[in-house]
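> My questions will all concern the structure given below.
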Amino acid sequence: MTLLKYSSGQFFPSIAEGQVEVALHEWRENPQVHADATALVISNDENLADLVCDISGFDTVVLEYPSFLDGRAFSQARILRERLHYSGEIRARGDVLRDQIAFMVRCGINGFEFADGAASATEAVAEFTNAYQAGVDEAAPIWRQRHRRARAA
Amino acid sequence: MYRYDEFDATMVAERNAQFRGQIARRLSGELTEEQFKPLRLMNGLYLQLHAYMLRVAIPYGTLSSRQMRRLAYVARKYDKGYGHFTTRQNIQYNWPALVDVPDIFDDLAQDELHAIQTSGNCIRNVTADQYAGAAADEVEDPRPYAEMIRQWSTLHPEFSWLPRKFKIAVTGAENDRSAIRVHDIGLRLHKNDEGDFGFEVIVGGGMGRTPFIGHTIREFLPREYLLSYLEAILRVYNLQGRRDNLYKARIKILVNAKGAEEFRDLVEAEWRAIKKSEIDLPVEERARIKAYFAPPEFEDLHDESVALNERLASSSEFARWRRTNCANHKIPGYAIANISLKPIGGIPGDASDAQMDAIADLAEKYSFDEIRVSHEQNLVLPHVKKDDLFAVWTALVKHELATPNIGLASDIIACPGLDYCKLANTRSIPIAQKISERFADFDDQESLGELKIKISGCINACGHHHVGHIGILGVDKRGEEFYQITLGGSGAEDAALGEIVGRGLSADNVVDAVAKLIEHYRQARQDKERFLDTYRRLGADNFKEALNDAA
């Protein structure tokens, strides 16, 4: 298992530092006890809609893919980025398929516990030049590009 | 019709390249079949009983002549010279070889066709009223919105790994020809009292082993918010839909477990929090898409056609086809012409390559280059001048495409059943063929009036039996094929689920039973009452007795 970090279209192998993990429900129950934790692990049945606590102090939020077929963490990642404005690392853990990495990036995930190497992941995110939807990444959706182009013409 | 710009074309080309790579990784063993399966399904590729099956998308059932010729070409070059039009307005090929699939996709892409999201646990190819842009009862053309949904849902980063498949249907007409109340989301464009256009949003309908009629969670959604509202629904579903049990994973189970009101509250709360400006298309983009669906250049005609009237008077066969297969157009002097893919004793929805080519020629010559596919597995020439109807009919007769039975007893929906499908318990096609042959007499069919018979070869209900006026469900009992009859269903604006009547019957007996039920209706009917209305008036017990008495 390699830890990859994503930035601006590239994946970089990274060394998993000795982070101290705590599960969301444990931390919520007793934050003082877990004051030294650096990574928050959110299981994919947690409802983030009622998450009112401040998670900005964590370096990493870990989202789980118990099976590559289970897509709940895609929504959780977007909520973390777009609604809770979490700006640290969001790491995908579990059954991460090469063919899902581009979707993960577009939902705001930028850390991957992934079996394949960085080259394979970089290739995978380059498969599509554009997207129809706005994502958490910086790419403009196709409709916005069309509009810009029409205005420039 | 919508035409690709370079963004759309690039998207499809890159998708094809990606899938070519995925197939290569599967063949090299890098991908296991378990990993490959969802990837191939999202590209329309199934592994069936005898072979791979490829389902090609026909977004909202709209085709140009060029595209139809391309479908004919694929049938000829890669398959056995035919294709099967489906209840989701798509086309399926039953015999492609895996090694050919990337080439098929490249061929299809030349005419803006693809198989993206025709299967898999994602947002499927969107369907719409087959009479869109032509129907006399239309409030607004649903196709621009269907195209917006197509783009929004294509490779959606958040919603490509849903608990289960997700089907959206759109109509802009008063009469529901798209079965919107039995979809995961049904959308009905309408005008409110202030004269504004918006959508009625219906959620949680569906068939399968647990059928439900959908719930309206919003009477009026201003049309500019369509995509953000869909996003809110999908997000609630993606996060809260069940993933522990395949049979309870559809949104209908979630909606009905929570109750429609609580589900609506969740969606509305999500929608309020969502950043709409990042999702809803700006007015310029909506106008750009809408412009593709501008009405064709209709001629200024009298609604009465002298040429048509002469032909109607001289040919009773043509007059019958005109009565049964044509619908009212919104423009004077035009008609909507339905092409039945239900020849007596034939396979519902099948068309040969030669027939597809012939239909493409007719569309080019007589229907502004447009063809539609209906969810009832027929084709439509949406804009035919009444003056030209006879010429169209003559050509259709030549290609055995003029069966005068739209909406009648032999216009049967049937799933592929055990002849092709690996999920099926029983065959469906032979039952459809036998019923069709039993009611072959066109005078008889026409006198019976609208009668929707729908046949599914298993509980998954691909043949829509739950919403058949007469539904037939195939069940396996100790290795034998049995058929269960349901009555009183409807997929239209008066949507209802059929009720089971009587015991399971053998293949021979089920055809007799259908005949008995129809005979009972004939005796009990008042005036021009439809089968469905007689059934609703008299009730299930009355029909059950009729079935038992005669047995």
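The values are calculated or read from the model by the stated rules, or taken from the named source; none is laboratory data. Predicted model only: the values in this text are computed from it and were never measured. Glycine also receives a Cβ, built like all others from the backbone with ideal geometry; neighbour counts cover every protein chain displayed.
> Enumerate the pairs (first residue in segment B:2-16 and farther than 17 Å from residue A:149 by Cα; second residue anywhere and small (Gly, Ala, Ser)) with beta-carbon separation below 7 Å, excluding pairs fewer than 6 apart on the same chain, so at least 6 apart or on different chains.
Pairs that qualify, where the first residue is farther than 17 Å from residue A:149 by Cα and the partner is small (Gly, Ala, Ser), are B:12/B:109; B:13/B:109; B:16/B:109.
> Run down A:119, A:126 and say which single residue is surrounded by fewer than 18 Cβ atoms within 10 Å (Cβ to Cβ) and either basic (Lys, Arg) or more than 10 Å from every other protein chain (Cβ to nearest Cβ) (or both).
Numbers: A:126 fails: either basic (Lys, Arg) or more than 10 Å from every other protein chain (Cβ to nearest Cβ) (or both).
Just one listed residue meets the conditions, A:119.
> Return the residues of segment B:388-428 that are more than 25 Å from residue B:329 (Cα to Cα) and either assigned to a loop (DSSP other than H, G, I, E, B) or touching a Pro at 6+ places or on another chain (Cβ under 7 Å) (or both); say none if nothing qualifies.
B:414, B:415, B:416, B:420, B:421, B:422, B:423, B:424, B:425, B:426, B:427, B:428
> Exactly one condition in (1) under 28 Å from residue A:127 (Cβ atoms); (2) not in a strand (DSSP E or B) is not met by residue A:13; state its number.
(2)
> Could you pull out every one of the strands (runs of 3 or more DSSP E) wholly within segment B:448-551 that has 3 or more residues that are of a type in the set (A, V, I, L, M, F, W, C), surrounded by fewer than 24 Cβ atoms within 10 Å (Cβ to Cβ) and not assigned by TED's automatic domain parsing to the domain that holds residue B:213?
Values: elements: B:453-456, B:470-477, B:480-487, B:499-505.
Qualifying strands (runs of 3 or more DSSP E): B:499-505.
> Shifting gears a bit: Identify the single condition in (1) modelled with pLDDT of 95 or more; (2) surrounded by fewer than 23 Cβ atoms within 10 Å (Cβ to Cβ); (3) over 24 Å from residue B:62 (Cβ atoms) that residue B:208 does not satisfy, given that it satisfies every other one.
Condition (1) is where residue B:208 drops out.
> Here is a further query. Here are the criteria: (1) more than 26 Å from residue B:244 (Cβ to Cβ); (2) within 14 Å of another protein chain (Cβ to nearest Cβ). Tell me which single one residue A:73 does not satisfy.
Status for residue A:73: all satisfied but (1).
> Return a yes/no flag: does segment B:404-412 have any residue that is out of contact with any Ser or Thr (no Cβ under 9 Å at 6 or more places or on another chain), surrounded by fewer than 20 Cβ atoms within 10 Å (Cβ to Cβ) and not assigned by TED's automatic domain parsing to the domain that holds residue B:362. Write out each step before concluding.
Residues of segment B:404-412 that are out of contact with any Ser or Thr (no Cβ under 9 Å at 6 or more places or on another chain), as a first pass: none.
The answer is no; no qualifying residue exists.
> Can I ask one more? What's the total number of residues in segment B:139-152 that are more than 8 Å from chain A (Cβ to nearest Cβ) and within 22 Å of residue A:76 (Cβ to Cβ)? So that I can check it myself, show each step before the final result.
Initial filter on segment B:139-152 (more than 8 Å from chain A (Cβ to nearest Cβ)): B:139-150.
Keeping just the survivors that are within 22 Å of residue A:76 (Cβ to Cβ) gives none.
Here the count works out to 0.
> Inspect segment B:373-393 for any residue being surrounded by fewer than 20 Cβ atoms within 10 Å (Cβ to Cβ), closer than 30 Å to residue B:519 by Cα and not aromatic (Phe, Trp, Tyr) and give the result as yes or no. I'd like the intermediate steps shown before the answer.
In the first step, residues of segment B:373-393 are kept if they are surrounded by fewer than 20 Cβ atoms within 10 Å (Cβ to Cβ); the result is B:387, B:391.
If we keep only those that are closer than 30 Å to residue B:519 by Cα as well, we get none.
Among the residues of segment B:373-393, not one is surrounded by fewer than 20 Cβ atoms within 10 Å (Cβ to Cβ), closer than 30 Å to residue B:519 by Cα and not aromatic (Phe, Trp, Tyr), which makes the answer no.
> A follow-up question, please. Quick one: residue B:174 ticks every box in (1) more than 20 Å from the chain's Cα centre (by Cα); (2) at pLDDT below 95 bar one, so which box is it?
Going through (1) more than 20 Å from the chain's Cα centre (by Cα); (2) at pLDDT below 95 one by one, residue B:174 breaks only (1).
> Would you confirm whether or not segment B:165-183 contains a residue that is under 28 Å from residue B:15 (Cβ atoms), surrounded by fewer than 23 Cβ atoms within 10 Å (Cβ to Cβ) and within 14 Å of chain A (Cβ to nearest Cβ)?
yes
> Answer yes or no as to whether residue B:109 is away from chain A (no Cβ under 14 Å) and more than 21 Å from residue A:130 (Cβ to Cβ).
On the way: away from chain A (no Cβ under 14 Å): yes; more than 21 Å from residue A:130 (Cβ to Cβ): no.
So residue B:109 fails the test.
> Between A:40, A:80, A:63, which is more than 27 Å from residue B:279 (Cα to Cα) and at pLDDT 95 or above?
Details: A:80 fails: more than 27 Å from residue B:279 (Cα to Cα); A:63 fails: more than 27 Å from residue B:279 (Cα to Cα).
The unique qualifying residue is A:40.
> In segment B:243-253, is there at least one residue being hydrophobic (A, V, I, L, M, F, W, C), at pLDDT 95 or above, surrounded by fewer than 24 Cβ atoms within 10 Å (Cβ to Cβ) and out of contact with any strand residue (DSSP E or B) (no Cβ under 6 Å at 6 or more places or on another chain)? Walk me through how you get there before you give the answer.
As a first pass, look at segment B:243-253 and keep what is hydrophobic (A, V, I, L, M, F, W, C): B:246, B:249, B:251, B:253.
Applying the additional criterion that residues be at pLDDT 95 or above yields B:249, B:251, B:253.
Now narrow it down to the ones that are surrounded by fewer than 24 Cβ atoms within 10 Å (Cβ to Cβ): B:249, B:253.
Those still in the list that are out of contact with any strand residue (DSSP E or B) (no Cβ under 6 Å at 6 or more places or on another chain) too: B:249, B:253.
Among the residues of segment B:243-253, at least one is hydrophobic (A, V, I, L, M, F, W, C), at pLDDT 95 or above, surrounded by fewer than 24 Cβ atoms within 10 Å (Cβ to Cβ) and out of contact with any strand residue (DSSP E or B) (no Cβ under 6 Å at 6 or more places or on another chain), which makes the answer yes.
> Got a sec? Which of B:187, B:230, B:239 is over 15 Å from the mean Cα position of the chain (by Cα), modelled with pLDDT of 95 or more and either surrounded by fewer than 20 Cβ atoms within 10 Å (Cβ to Cβ) or closer than 17 Å to residue B:126 by Cα (or both)? Give the derivation first.
Details: B:187 fails: over 15 Å from the mean Cα position of the chain (by Cα); B:239 fails: either surrounded by fewer than 20 Cβ atoms within 10 Å (Cβ to Cβ) or closer than 17 Å to residue B:126 by Cα (or both).
Going through B:187, B:230, B:239 in turn, the sole match is B:230.
> Residues that are modelled with pLDDT of 95 or more, touching a strand residue (DSSP E or B) at 6+ places or on another chain (Cβ under 9 Å) and aliphatic (A, V, I, L, M): does segment A:44-58 have at least one? Step through it out loud before you land on a result.
In the first step, residues of segment A:44-58 are kept if they are modelled with pLDDT of 95 or more; the result is A:58.
Those left that are additionally touching a strand residue (DSSP E or B) at 6+ places or on another chain (Cβ under 9 Å): A:58.
After this cut, where a residue has to be aliphatic (A, V, I, L, M) as well, the list is none.
Within segment A:44-58, none of the residues are modelled with pLDDT of 95 or more, touching a strand residue (DSSP E or B) at 6+ places or on another chain (Cβ under 9 Å) and aliphatic (A, V, I, L, M).
> Let me ask something else. Applying the selection to segment B:21-39, what residues are within 11 Å of chain A (Cβ to nearest Cβ) and either under 26 Å from residue B:142 (Cβ atoms) or among the charged types (D, E, K, R) (or both)? If you could, list the steps in order and put the result at the bottom.
Here is the first cut: in segment B:21-39, the residues within 11 Å of chain A (Cβ to nearest Cβ) are B:21-22, B:25, B:30-32, B:34-39.
Of everything in segment B:21-39, those that are within 11 Å of chain A (Cβ to nearest Cβ) and either under 26 Å from residue B:142 (Cβ atoms) or among the charged types (D, E, K, R) (or both) turn out to be B:25, B:30, B:34, B:37.
> When segment A:98-116 is examined, which residues are found to be farther than 17 Å from residue B:11 by Cα, at the interface with chain B (Cβ under 9 Å from one of its Cβ atoms) and either among the small types (Gly, Ala, Ser) or in contact with a Pro (Cβ under 9 Å, 6 or more places away or on another chain) (or both)?
Of everything in segment A:98-116, those that are farther than 17 Å from residue B:11 by Cα, at the interface with chain B (Cβ under 9 Å from one of its Cβ atoms) and either among the small types (Gly, Ala, Ser) or in contact with a Pro (Cβ under 9 Å, 6 or more places away or on another chain) (or both) turn out to be A:104, A:105, A:107.
> Criterion first (within 27 Å of the chain's Cα centre (by Cα) and either modelled with pLDDT of 95 or more or not aromatic (Phe, Trp, Tyr) (or both)) does residue B:330 satisfy it? Break it down into steps so the answer makes sense when it comes.
Values: within 27 Å of the chain's Cα centre (by Cα): yes; either modelled with pLDDT of 95 or more or not aromatic (Phe, Trp, Tyr) (or both): yes.
Answer is yes for this residue.
> Is there a residue in segment A:27-36 that is outside any loop (DSSP other than H, G, I, E, B), touching a strand residue (DSSP E or B) at 6+ places or on another chain (Cβ under 9 Å) and under 24 Å from residue A:67 (Cα atoms)? Explain how you work it out, then say what you get.
Within segment A:27-36, the subset outside any loop (DSSP other than H, G, I, E, B) is A:27-29.
Narrowing further to those that are touching a strand residue (DSSP E or B) at 6+ places or on another chain (Cβ under 9 Å): A:27.
Remaining after also requiring under 24 Å from residue A:67 (Cα atoms): none.
No: segment A:27-36 contains no residue that is outside any loop (DSSP other than H, G, I, E, B), touching a strand residue (DSSP E or B) at 6+ places or on another chain (Cβ under 9 Å) and under 24 Å from residue A:67 (Cα atoms).
> Could you list, ordered by first residue, the pairs with Cβ atoms under 7 Å in which the first is in segment A:50-68 and within 14 Å of chain B (Cβ to nearest Cβ) and free of Cβ contacts under 8 Å to residues at least 12 places away in the same chain and the second is surrounded by 20 or more Cβ atoms within 10 Å (Cβ to Cβ) and assigned to a loop (DSSP other than H, G, I, E, B), at least 6 apart or interchain?
That search, which allows pairs on different chains as well, returns nothing.
> Anything in segment A:129-153 that is surrounded by 18 or more Cβ atoms within 10 Å (Cβ to Cβ) and among the acidic types (Asp, Glu)? List them, or say none.
A:137
> Only one of B:278, B:285, B:310, B:270 is of a type in the set (Asp, Glu) and at pLDDT below 95. Can you tell me which? I'd like the intermediate steps shown before the answer.
Details: B:285 fails: at pLDDT below 95; B:310 fails: at pLDDT below 95; B:270 fails: at pLDDT below 95.
Of the residues listed, the single one that is of a type in the set (Asp, Glu) and at pLDDT below 95 is B:278.
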